[in-house]
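> Following this message is one structure expressed as structure tokens.
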Amino acid sequence: MVHTSEKRLPCLSRMVELSVTTGMILRAEQRAEEMGALNNSITEGEANLEAFIAEQAVSEHLKQRIEDTYDYDLFWAPHGHVLTADIKTKRRTKLPSPYFDCHIADTSLHQECDTYIFASIVKTDKKFRVWALGWITKKDFLGKAKRVRKGDRDGAFVEHVDAYKCKVSELWRMP
């Protein structure tokens, strides 16, 4: 059972910029090459490198080993209870904002994980910057997320797939 009585902090204090090392990038490149394109991947494997770099950065920050299963990426204990977490990463061109959306595509809902950790990655030249935006239980996410359908418009953005989404500001602060 996850304890959800944590005080809400100002949105920006929930996001944590994470270190990215050359070793992380090399391990991520190897994993991306081995993985190829995932079934149901929106980017058809083009974002694997960035996703794996973010996973490496989050796992190092939490001091947890990447499990690399079909359902979750690592074990962690945000409130003293061991939970599984799937790390969801978005490539961005801008620094993260509490107003950004966190998506879970319908094609990922089958994953058996307890929590989602959302991350953003920005690449400039050969440098990567990663932020852990926050986390939420799968149950809480589905309870508060907005349902969107492929083709729906959110300003200039057109949804690529059927999904659920919430704002970064609705996530729990990263430890």
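The values are calculated or read from the model by the stated rules, or taken from the named source; none is laboratory data. The structure presented is a predicted model; accordingly, all values stated were derived computationally and were not measured. Cβ: placed from backbone, ideal geometry, glycine included. Neighbour counts: every protein chain shown. Protein only, heavy atoms only, side chains kept; ligands, DNA and RNA dropped before computing areas. Shrake-Rupley method; radii C 1.70, N 1.55, O 1.52, S 1.80 Å.
> In this structure, does residue 138 turn out to be surrounded by fewer than 19 Cβ atoms within 10 Å (Cβ to Cβ) and over 12 Å from the mean Cα position of the chain (by Cα)? Spell out how you get there, then give the answer.
Working: surrounded by fewer than 19 Cβ atoms within 10 Å (Cβ to Cβ): no; over 12 Å from the mean Cα position of the chain (by Cα): yes.
Spelling it out, it is not the case that residue 138 is surrounded by fewer than 19 Cβ atoms within 10 Å (Cβ to Cβ) and over 12 Å from the mean Cα position of the chain (by Cα).
> Considering only residues that are open to solvent by less than 70 Å² (accessible area, probe 1.4 Å), of a type in the set (A, V, I, L, M, F, W, C) and in a loop (DSSP other than H, G, I, E, B), which ones fall in the range 156-175? Before you say what the answer is, go through the steps one by one.
Residues of the range 156-175 that are open to solvent by less than 70 Å² (accessible area, probe 1.4 Å), as a first pass: 158-159, 161-166, 168-172, 174.
Add one more test, that the residue is of a type in the set (A, V, I, L, M, F, W, C), and what stays is 158, 161, 163, 166, 168, 171-172, 174.
Within the range 156-175, 161, 171, 174 meet the criteria.
> Still on this structure, please answer the following. Scanning the range 160-169 for residues that are within 14 Å of the chain's Cα centre (by Cα) and among the charged types (D, E, K, R), which turns out nearest to residue 97 (Cα to Cα)?
Result: 167.
> Among the candidates 81, 61, which residue alone is modelled with pLDDT of 90 or more and not in a loop (DSSP other than H, G, I, E, B)? Break it down into steps so the answer makes sense when it comes.
On the way: 81 fails: not in a loop (DSSP other than H, G, I, E, B).
None of the other options fit; the residue is 61.
> Same structure again: Right, residue 96: touching a Ser or Thr at 6+ places or on another chain (Cβ under 6 Å) and either more than 20 Å from residue 22 (Cβ to Cβ) or not in a loop (DSSP other than H, G, I, E, B) (or both) or not?
Working: touching a Ser or Thr at 6+ places or on another chain (Cβ under 6 Å): yes; either more than 20 Å from residue 22 (Cβ to Cβ) or not in a loop (DSSP other than H, G, I, E, B) (or both): yes.
Against the criterion (touching a Ser or Thr at 6+ places or on another chain (Cβ under 6 Å) and either more than 20 Å from residue 22 (Cβ to Cβ) or not in a loop (DSSP other than H, G, I, E, B) (or both)), residue 96 qualifies.
> Inside the range 91-113, can you point out the residues that are farther than 17 Å from residue 145 by Cα and of a type in the set (D, E, K, R)?
If the condition is that a residue be farther than 17 Å from residue 145 by Cα and of a type in the set (D, E, K, R), then 91, 92, 94, 112 are the ones that fit.
> Also, quick follow-up: For the range 44-58, which positions are crowded, with 21+ Cβ neighbours inside 10 Å, modelled with pLDDT under 95 and touching a strand residue (DSSP E or B) at 6+ places or on another chain (Cβ under 8 Å)?
Scanning the range 44-58 gives 50, 51.
> On to the next question. Please count how many residues of the range 135-155 are in contact (Cβ under 8 Å) with a residue 12 or more places away in the chain and in a strand (DSSP E or B). First the steps, then the outcome.
Kept after step one, since they are in contact (Cβ under 8 Å) with a residue 12 or more places away in the chain, are these residues of the range 135-155: 135-138, 140-142, 144-150, 154.
Keeping just the survivors that are in a strand (DSSP E or B) gives 135-137, 146-148, 154.
Looking only at that region, the number is 7.
> Quick check on this structure: which one of 112, 159 is without any contact (Cβ under 8 Å) to a residue 40 or more places away in the chain and among the charged types (D, E, K, R)?
On the way: 112 fails: without any contact (Cβ under 8 Å) to a residue 40 or more places away in the chain.
Within the list 112, 159, the selection yields 159.
> Can you tell me which residue is surrounded by the most Cβ atoms within 10 Å (Cβ to Cβ) among those in the range 59-94 that are farther than 18 Å from residue 111 by Cβ and under 15 Å from the mean Cα position of the chain (by Cα)?
62
> Looking at 126, 146, which is the one that is within 17 Å of residue 25 (Cβ to Cβ), of a type outside the set (Gly, Ala, Ser) and open to solvent by 80 Å² or more (accessible area, probe 1.4 Å)? Before you say what the answer is, go through the steps one by one.
Values: 146 fails: within 17 Å of residue 25 (Cβ to Cβ).
On inspection, the qualifying residue turns out to be 126.
> Counting only residues that are in contact with a Leu (Cβ under 9 Å, 6 or more places away or on another chain) and farther than 17 Å from residue 15 by Cα, how many does the range 48-67 have?
Matching residues across the range 48-67 total 5.
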